[in-house]
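Only the coordinates and a few stated rules stand behind these numbers; no lab work does. All values reported here derive from a predicted model rather than from experimental measurement. Cβ: placed from backbone, ideal geometry, glycine included. Neighbour counts: every protein chain shown.
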Amino acid sequence: MCGIVGAVARRPVQEILLEGLRRLEYRGYDSAGMAVLSEDARLNRQRAMGKVAALEACLAEAPLNGQVGIAHTRWATHGRPSEYNAHPHQSGESLAVVHNGIIENHEALKAELEGQGYVFTSETDTEVVAHLLAREFNRSQDLLTAVQQAVALLEGAYALAVLHRGEPETLIGARKGSPLVVGVGIEETFLASDPLALLPVTDRFIYLQEGDVVRLSRGEPPEVFDRAGERQERGVQTYEHGDGAASKDGYRHFMLKEIYEQPQVIAATLEGRLSERRVLAESFGPQAEALLSRARQVHIVACGTSYHAGLVARYWLEKYAGLPTQVEVASEYRYRRVVVPEDTLFVTLSQSGETADTLAALRFARERGYLGSLAICNVPGSSLVRESDLALMTQAGPEIGVASTKAFTTQLVALMLLTLSLGRRHGLDAAEEARIVQALHALPGVVRQVLGLDAAIEALSTAFAEKQHALFLGRGAHYPIALEGALKLKEISYIHAEAYPAGELKHGPLALVDSEMPVISVAPNDELLEKLKSNLQEVRARGGELFVFADESVRLEDTEGVHVLRLPRIDEALAPLLYTLPLQLLSYHVAVLKGTDVDQPRNLAKSVTVE
Ligand code: G6P
């Protein structure tokens, strides 16, 4: 999704902004641009289609000199990717704005502004904001007032950064529904969609709240105003999570680096939350007791990969905690008449904590009489964390690859902690908890062993490079793992992939199986194994080539058309977590063979901050 960077400094800002954009590349985008106010208060702009490197080449030809500027990576929503639709958008030669979000009433505003003589040169909803801001500035001759007046007229979601040559030492930011943080340096201040963008220049941040408008003036501390226009102190927080975005540490892609980080980040997510035999009660913070002990059912809401983690948790919560659990994608949930039984806990899952639909679902849920809300999230200070009653942080560290890997497995770890915590309050046998806790302690080591299979998985990947389609099968808690495997493959290799519960094979997908359709299956040694084996026979009988990831004890022959890769023994409860890894590696290697943009696949965004 669109990324914003802004700076008010006492030094040239072009390089700071450019580095910020590079660090936001992971969000997904199709064009980039920058506007800087020069020493003589002229507004200069450069925009380019494609990668930040293309903008950089333009800037090498014609640098933007100045100490106050804004920059943007655009992910097209209104109007195709093109230079004229790229941000910053201007109104005349005086005002420039960058925007992340969607202005839902842009058509009505555009008609009004055209009636007042404003001329549009792009197809974007953002240009409406530029002219609206210019009109309000003409009325008030004050940029802060102009932004406050203009945002009051906007419906939808926005994070904005605004410059005006009439106030050459000021930058205004505003946010509602899209992320924006303020970076606080020494005598210089910044704006960005994500703290990562600014880590080379500061580690001190103000997290703006919904409806906030902030004025950054050169040499002054930031001034934050709430939606009522009242001055507020939001507090400066130090970013303590290291600069994970800095390098690929010698890996070819961030995705591979992140796959390989899983032993450490799983260990970090468990740290301080387990005794030898139990999940520690303090894991969920002091207010958790009341919420968790009263919960009689659970509703889980999320998007994308996080949704798949929720689907696994349903099997766990019902099996180990005996709690009826419902899991739904946020974009469906929020527009449905949801029936909420008494004492239902509302759980959101999100890597970023800024996904628009998940956030909207949380706000919708607040009015529905839930017991309370728990966010399982990877980004401290994110909107989801701030707005939930409880938060359980995954400790995956910054995830840069658009295709989520380590965030997913750490979400599963957090969900198992939740399951055991709830389970203990609802009759889970202490011995069973102890068995699973011991398996959790051993998990980072077993994950490391599975990563040792990388070369064998890479060898399998060659069979997929020329294929158009693939089918993933799983049963029970491994059906969501099959879904996640299919999602990974389609996201980064652009091969059409579908997942089915293996028992559904005969009800449709078997019609598609022939020698051109590889079928991937996860076969841990669980109670459904024999049934799964019969399903695999059905595939083989139709000439389908099988790729089976199986427990080391499973008796399955590696014969012609059947490739079996054996995984180490793991407690049944944690098998979904382990079987995710070979599917991540398989997708990765297929994508590398196909030569796609692994870390930033086409048309996708890391953080989907619009609906
Ligand atoms: C996007 C990302 C996915 C992610 C999903 C939900 O689609 O590309 O990797 O799973 O958003 O994001 P969240 O941050 O809420 O987990």
Give a quick list of GluC sites (Glu not before Pro) in region 413-492 that DSSP marks as loop, anything other than H, G, I, E or B, with at most 11 other Cβ atoms within 10 Å.
-> GLU466
On average, how much area does the Cα convex hull of region 442-500 cover when viewed from any direction, in nm²?
-> 4.7 nm²
quick note, the chain, DSSP beta bridge pairs, % antiparallel (nearest 5) is 60 percent
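Work through the residues other than ASP125 whose Cβ is under 10 Å from its Cβ and net out their charges, Lys, Arg +1 and Asp, Glu -1.
My count for the surroundings of ASP125 gives -3.
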Based only on Cα atoms, what Rg/Rh ratio does region 523-611 have, Rh being taken as Kirkwood's radius?
-> 1.07
Global form of region 526-578, assessed from the alpha-carbon gyration tensor, a/c cut-off 1.5 = prolate
Percent of Cα pairs exceeding the 27 Å cut-off, where the set is region 242-376 | 29 percent
About its Cα centre, region 120-258 carries a charge dipole, from +1 on Lys and Arg Cβ atoms and -1 on Asp and Glu Cβ atoms, whose size in debye to the nearest 20 is 160 debye
Tell me, in nm to one decimal, what length is gained between GLN438 and ARG11 on full extension, where the rule is 0.36 nm per residue of separation less the Cα-Cα distance?
-> 148.3 nm
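For each of LYS176, LYS406, LYS531, count neighbouring Cβ atoms within 10 Å of the residue's Cβ, then give the residues from fewest to most. Mind dumping the intermediate values first?
Values: LYS176 21, LYS406 29, LYS531 12.
In increasing order of surrounding Cβ atoms, one gets LYS531, LYS176, LYS406.
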Roughly how many Å is it from the Cα centre of region 340-377 to that of region 388-420, as a whole number?
-> 16 Å
Spacing of the two label points (7 Å from each Cα toward its C-beta) at LYS248 and ALA54, in nm | 2.1 nm
How much length is gained on full extension from GLN141 to ARG386, taking 0.36 nm per residue of separation minus their Cα-Cα distance?
-> 84.7 nm
Shape call for region 49-100, from the Cα gyration tensor axes a ≥ b ≥ c (a/c under 1.5 means rounded, otherwise prolate when a/b beats b/c, else oblate), comes out oblate
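What is the order of ILE206, ILE172, fewest Cβ neighbours within 10 Å to most?
Going from least to most buried by this count: ILE206, ILE172.
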Furthest towards positive pole of dipole, ALA434, THR405, THR189, structure part the chain, Cβ charges = ALA434
Would you give the gap between the C-alpha center of region 436-483 and the C-alpha center of region 542-584, rounded to a whole Å?
-> 8 Å
Could you give the distance between the Cα centres of region 97-122 and region 16-61, to the whole Å?
-> 23 Å
Express the relative contact order of the chain as a whole percentage, based on alpha carbon pairs under 8 Å and six or more residues apart in sequence.
-> 12 percent
Dimensionless Rg/Rh of region 145-301 - Kirkwood Rh, Rg from C-alpha atoms = 1.08
Quick one: putting +1 on the C-beta of Lys and Arg, -1 on the C-beta of Asp and Glu, what dipole do you get for the chain around its Cα centre, in Debye to the nearest 20?
-> 520 debye
The summed charge of the GLU104 Cβ neighbourhood (under 13 Å; Lys/Arg +1, Asp/Glu -1) stands at -2
Counting all C-alpha pairs of region 30-178, share separated by more than 28 Å (%) | 12 percent
Please give the length that would be gained between ALA62 and ALA455 if that part of the chain were fully extended, namely 0.36 nm times their separation in residues minus their C-alpha to C-alpha distance (nm, one decimal).
-> 136.8 nm
Given R₀ = 41 Å, FRET efficiency for GLU557-HIS469 by Cβ-Cβ distance, to 0.05?
-> 0.95
The percentage of Cα-Cα pairs in region 469-580 separated by more than 17 Å is 49 percent
Quick P(r) readout (region 487-530; Cα-Cα; 5 Å bins; whole %) gives 5, 17, 24, 25, 19, 9, 2
For every helix of n ≥ 4 consecutive DSSP H residues, a contribution of -39,500 (n - 2.57) applies; sum these over the chain, divide by its total residues, and give [θ] at 222 nm rounded to the nearest 500 deg cm²/dmol.
-> -11000 deg cm²/dmol
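What does the charge dipole of region 127-180 about its Cα centre add up to, to the nearest 20 debye, if the Cβ of each Lys and Arg holds +1 and the Cβ of each Asp and Glu holds -1? Each step should come with its number before you reach the end.
On the way: 5 positive and 6 negative charges, 16 e Å.
It works out to roughly 80 debye.
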Where does each of SER352, SER275 land when they are ranked from fewest to most other beta-carbon atoms within 10 angstrom?
-> SER275, SER352
For the chain, Rg(Cα) over 2.2 N^0.38 Å is 1.01
